[in-house]
Amino acid sequence: MANTQTAEVNAGGTTTRAHLPSNKDMWVFVLGDLVIFSSYFIIFEIYRHQQRQTFLSAQQHLSLSIGVVNTLVLLASSWFVAQSVQLTRAGEYERAMRLTVGGGLCGVVFILLKAYEWSTKIGHGLTFGSNDFFMFYYMLTGVHLFHVALGLVFLGVVFFELRNPKLRRVSMVETGATYWHMVDLLWVVIFALMYVMR
Amino acid sequence: MSAVSAAPVVTENARPAWTRRPKIDQWICWWTIPIFYNLFGLIFVVLTRVMPPPRPDITPEQIVAFFETHSLTIRIGFALLMFFIGFASVANGLIALQIKRMSVSPVFAYAYIGALVVGGLPGCLLPAFAFVAGAFRPDRDPQIMVMLYDWCLLSFVGSLGCFCTQNMVLALAIFLDKNDILPKWLAYMSIWMIVTELLASPVFIFKSGPLAWNGSISFYVGTAVFVVWEFAIIRLLYVAIKNQSPTEQIQD
């Protein structure tokens with residue numbers, strides 16, 4: 001990973017020094033956020049262990065197919081955003097902008113799918129207070145959804161900076177991408193814990 | 001503020017030496033923060049017993065017994081809080097001043113102070129008087145005691161959402177600031193605070209489990225993040241005051 005980056009930066013001729021993508025402030029956020037989410041996951045595991053039958057039977061109500069589509073949508077968005085970082089480093093700003101928009105649209109699709117999923121669950125009477133499984137379901141997906149919405153704000157800032165030749169900065173695009181990949185990573189863990197794990 | 005830095009040459013002999021130290025006014029305010037947070041800890045944890053919060057899922061008899069056992073310390077603790085709660089505004093004023101040094105409109109500083117005033121009422125004063133009223137006459141009808149108990153703890157933990165605005169204002173001010181008064185990572189940390197504060201609202205629904213008012217997620221994770229954030233901002237305020245030029249002009 002670090003090697004390919006160094007090679008690309010060299011090809012661009014801007015710097016010869018390996019560097020941390022984005023900036024240290026964003027990495028403080030990402031690492032801390034992962035610690036906070038890990039604590040939620042551990043608490044989820046403890047409750048799941050205590051009420052194994054409740055959790056397994058409640059899990060049957062989740063739609064694995066919507067979960068898979070959601071995962072694919074976010075993975076696609078991460079690919080768009082990663083490509084946009086490469087293109088920004090290469091100076092192809094027009095294409096980088098289009099891919100950033102693509103990543104953001106995937107985020108919007110993710111939110112719409114989640115809204116549909118929540119509304120069908122609520123329609124079936126499976127709400128926040130139904131049981132501990134659905135409490136964790138709404139809490140974890142809700143907090144993650146907040147991160148997705150915030151990620152759209154970050155991608156929006158990246159888009160407007162890319163659009164203005166005076167503001168274009170590789171580090172800013174990397175910062176947005178770092179955040180977006182974290183959102184993706186967290187979803188993959190939530191998907192595995194809530195939808196897949198039996 | 002500006003009077004201290006402008007005056008020293010003229011009145012040099014009339015004033016004690018320590019008052020002539022640059023930014024002594026801000027340093028006095030800064031030192032109140034560690035002292036009064038320790039006092040708040042003592043009041044909430046040792047005396048009034050609202051931290052860590054007692055259980056929401058206990059019987060009326062147990063609630064009456066709780067008030068009988070802790071009647072005296074609850075009243076002493078909240079009496080002390082009445083004297084010391086105002087000092088929170090010194091720390092907030094100090095942060096608001098640093099926001100005013102940023103390249104953002106002072107409206108952020110005003111909003112920061114205002115948001116904390118909004119949060120301080122349900123977060124400190126309303127719960128204090130509910131608990132004091134309970135401790136004042138523990139021989140009341142147990143159902144009334146249950147109401148005072150619920151009122152105090154729902155208000156104390158469930159009002160954390162009121163502090164979202166404070167953290168949003170601070171985060172946005174830091175992101176927009178070009179003077180680098182406070183580091184950007186503090187703005188990101190404030191986003192953690194917003195997330196953990198949002199997760200305090202479910203205490204209005206659950207009487208047990210991780211999202212109840214004594215829950216591992218609603219209370220403990222949120223409190224742990226708050227402690228980290230608080231240590232960071234105390235340290236960063238120290239650095240910000242240290243780096244501030246005594247003659248710097250601050251916008252009104």
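The values are calculated or read from the model by the stated rules, or taken from the named source; none is laboratory data. Because the structure is a prediction, the values reported are computed rather than measured. So basically every Cβ, Gly included, is an ideal-geometry build from the backbone, and we count neighbours across all protein chains shown. In case anyone asks, the SASA skips ligands and DNA or RNA and just uses the protein heavy atoms, side chains included. Shrake-Rupley method; radii C 1.70, N 1.55, O 1.52, S 1.80 Å.
Things worth noting here:
- Some residue of segment B:20-33 being at pLDDT 80 or above, under 30 Å from B:SER208 (Cα atoms) and assigned to a helix (DSSP H, G or I): no
- Scope segment B:179-206; condition assigned to a loop (DSSP other than H, G, I, E, B) and either hydroxyl-bearing (Ser, Thr, Tyr) or within 13 Å of chain A (Cβ to nearest Cβ) (or both); matching residues: B:ASP180, B:LEU182, B:PRO183, B:LEU199, B:ALA200, B:ILE205, B:PHE206
- The selection criterion, being of a type in the set (Phe, Trp, Tyr), open to solvent by less than 60 Å² (accessible area, probe 1.4 Å) and modelled with pLDDT under 95, does not hold for A:PHE37.
- Hey, A:ALA58 small (Gly, Ala, Ser), more than 23 Å from A:HIS181 (Cβ to Cβ) and modelled with pLDDT of 95 or more or not: no
- Test: residue in segment B:53-66 that is more than 27 Å from B:ALA224 (Cβ to Cβ) and assigned to a loop (DSSP other than H, G, I, E, B): yes
- A:THR100 being farther than 30 Å from A:HIS49 by Cβ, within 16 Å of the chain's Cα centre (by Cα), of a type outside the set (D, E, K, R) and within 14 Å of chain B (Cβ to nearest Cβ): no
- One residue alone among A:PHE128, A:PHE110 is closer than 30 Å to A:PHE44 by Cα and modelled with pLDDT under 95, and that residue is A:PHE128.
- Number of the condition not met by A:GLY123 [criteria: (1) under 28 Å from B:SER208 (Cα atoms); (2) within 17 Å of the chain's Cα centre (by Cα)]: (2)
- On the stretch given as segment A:51-93, residues that are open to solvent by 40 Å² or more (accessible area, probe 1.4 Å), of a type in the set (S, T, N, Q) and either in contact (Cβ under 8 Å) with a residue 60 or more places away in the chain or in a loop (DSSP other than H, G, I, E, B) (or both) total 4.
- Scanning segment A:112-158 for residues that are open to solvent by 50 Å² or more (accessible area, probe 1.4 Å) and in contact (Cβ under 8 Å) with a residue 40 or more places away in the chain turns up A:TYR116, A:HIS124, A:SER130.
- All of (1) within 15 Å of the chain's Cα centre (by Cα); (2) within 14 Å of chain B (Cβ to nearest Cβ) hold for A:PHE80 with one exception: (2).
- Entry remark, segment B:220-251: residues being open to solvent by 70 Å² or more (accessible area, probe 1.4 Å), in a helix (DSSP H, G or I) and touching a residue at least 60 places away in the same chain (Cβ under 8 Å) number 2 in total.
- Among the candidates A:GLU94, A:GLU45, residue that is of a type outside the set (A, V, I, L, M) and within 14 Å of chain B (Cβ to nearest Cβ): A:GLU45
- Residue list for segment B:64-81, filter: more than 30 Å from B:LEU236 (Cβ to Cβ), open to solvent by 10 Å² or more (accessible area, probe 1.4 Å) and either at pLDDT below 90 or among the aliphatic types (A, V, I, L, M) (or both): B:VAL64, B:ALA65, B:LEU72, B:ILE76, B:ALA79
- Residues within segment B:146-204 that are buried (at least 19 other Cβ atoms within 10 Å of the Cβ), among the hydroxyl-bearing types (Ser, Thr, Tyr) and in contact (Cβ under 8 Å) with a residue 24 or more places away in the chain, tallied: 5
- Residue list for segment B:207-219, filter: touching a residue at least 40 places away in the same chain (Cβ under 8 Å) and either in a loop (DSSP other than H, G, I, E, B) or open to solvent by 40 Å² or more (accessible area, probe 1.4 Å) (or both): B:LYS207, B:SER208, B:ALA212, B:TRP213, B:ASN214
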